[in-house]
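The values are calculated or read from the model by the stated rules, or taken from the named source; none is laboratory data. For clarity, every value in this text was computed on a predicted model and none was experimentally measured. Note: ideal-geometry Cβ built from the backbone for every residue, glycine included; neighbour counts use all protein chains shown. The protein model used for the area step is the full one, side chains on, heavy atoms only, and it has no ligands, DNA or RNA in it. Shrake-Rupley method; radii C 1.70, N 1.55, O 1.52, S 1.80 Å.
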Amino acid sequence: PPRRHPLQRYVMSGSDDGRMYIWEADSGRLVRAVIADHRVVNCVQSHPCTLQVATSGIAYTIKLWSPTSQQPVTMPASFEETIQDNERRIKEAGNTFVVPAGMVLEMLGQLRNRQAAAAANSDL
């Protein structure tokens with residue numbers, strides 16, 4: 001098989017639990033879970049040439065990650081409980097979705113403007 005960049009061997013994602021999860025692409029095995037934000041990690045991007053990853057969440061900060069350990073990292077058993085908790089929350093959420101607060105505020109502002117315009121037109 002063709003030689004891949006080391007980061008191409010992995011799939012990374014953010015999560016609503018504030019972690020960045022890293023899985024082996026070929027096996028699907030969870031290899032790392034890193035607390036990357038206090039709330040939500042909604043963006044994970046690897047650098048195209050180096051072993052660096054950037055994460056961001058709801059806050060206006062971007063965190064850069066690089067491997068520093070010379071020893072292999074093992075996953076604690078408690079992550080199995082975290083995975084099960086995440087699966088339970090997904091099932092409970094059903095068909096719900098999250099709308100960003102900025103979008104809600106924009107929609108409320110437009111509604112207020114339309115109501116004001118309708119009231120002004122009815123006064124004529």
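For region 12-82, which trypsin sites (Lys or Arg not before Pro) pass both filters: DSSP loop (anything but H, G, I, E, B) and at most 10 other C-beta atoms within 10 Å?
Numbers: sites: 19, 29, 32, 39, 63; in loops: 29, 39.
Passing both the DSSP loop test and the Cβ count: 29.
Sorting 85, 16, 37, 26 by accessible area puts them as 26, 16, 85, 37; the probe is 1.4 Å, largest comes first, and only protein heavy atoms count.
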